[in-house]
1. Of everything in the stretch 58-87, what is surrounded by 18 or more Cβ atoms within 10 Å (Cβ to Cβ), closer than 28 Å to His23 by Cα and more than 12 Å from the chain's Cα centre (by Cα)? Give them in sequence order.
2. Tell me whether the stretch 100-110 contains one or more residues that are assigned to a strand (DSSP E or B), at pLDDT 95 or above and more than 16 Å from Phe37 (Cα to Cα).
3. What is the residue count in the stretch 88-120 for residues that are surrounded by 12 or more Cβ atoms within 10 Å (Cβ to Cβ), under 13 Å from the mean Cα position of the chain (by Cα) and of a type in the set (Gly, Ala, Ser)?
4. Cβ-Cβ below 9 Å, separation at least six or inter-chain, first residue in the stretch 77-89 and more than 11 Å from Asn64 (Cα to Cα), second small (Gly, Ala, Ser): which pairs?
Amino acid sequence: MEMNMKMVFVLCIVVLIQAEIAHAAVYNVGGSGGWTFNTVGWPKGKRFRAGDILTFNYPSGAHNVVAVNKAGYKSCSTPRGAKVYNRGGDKVKLVKGQNYFICNFPGHCGSGMKISVFAM
């Protein structure tokens, strides 16, 4: 009997994990225009949750995506150890709280190629 209870418990955990994954939304950053200049306002009016996926569509070699902290976002600078994506079509899972992303190509972030996303 104890073995059956363990199996039921494990099955319940698997179902809960699958349900959480199924509820994650996928967003194309910048909409149909993709990850480009003046996307800083793109998140406005959207509700994000931890686990949602942001897809950054851009031509490889034209831009990149750098996950930065608040200071890096404000100053358009890349902190040491920051995760850099550079292939285009990059998928990034949001963590709970504030998430910051910039393009660190010279002049791009300063031209509005950055977003700040709060995930509940």
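1. Tyr58, Asn64
2. The answer is no; no qualifying residue exists.
3. So the answer is 3.
4. Ser77/Ala71; Thr78/Gly72; Pro79/Ala71; Pro79/Gly72; Ala82/Ala67; Ala82/Gly72
The values are calculated or read from the model by the stated rules, or taken from the named source; none is laboratory data. Predicted model only: the values in this text are computed from it and were never measured. Methodologically, a virtual Cβ is constructed for each residue, glycine included, from the backbone with ideal geometry; neighbour enumeration extends over all protein chains shown.
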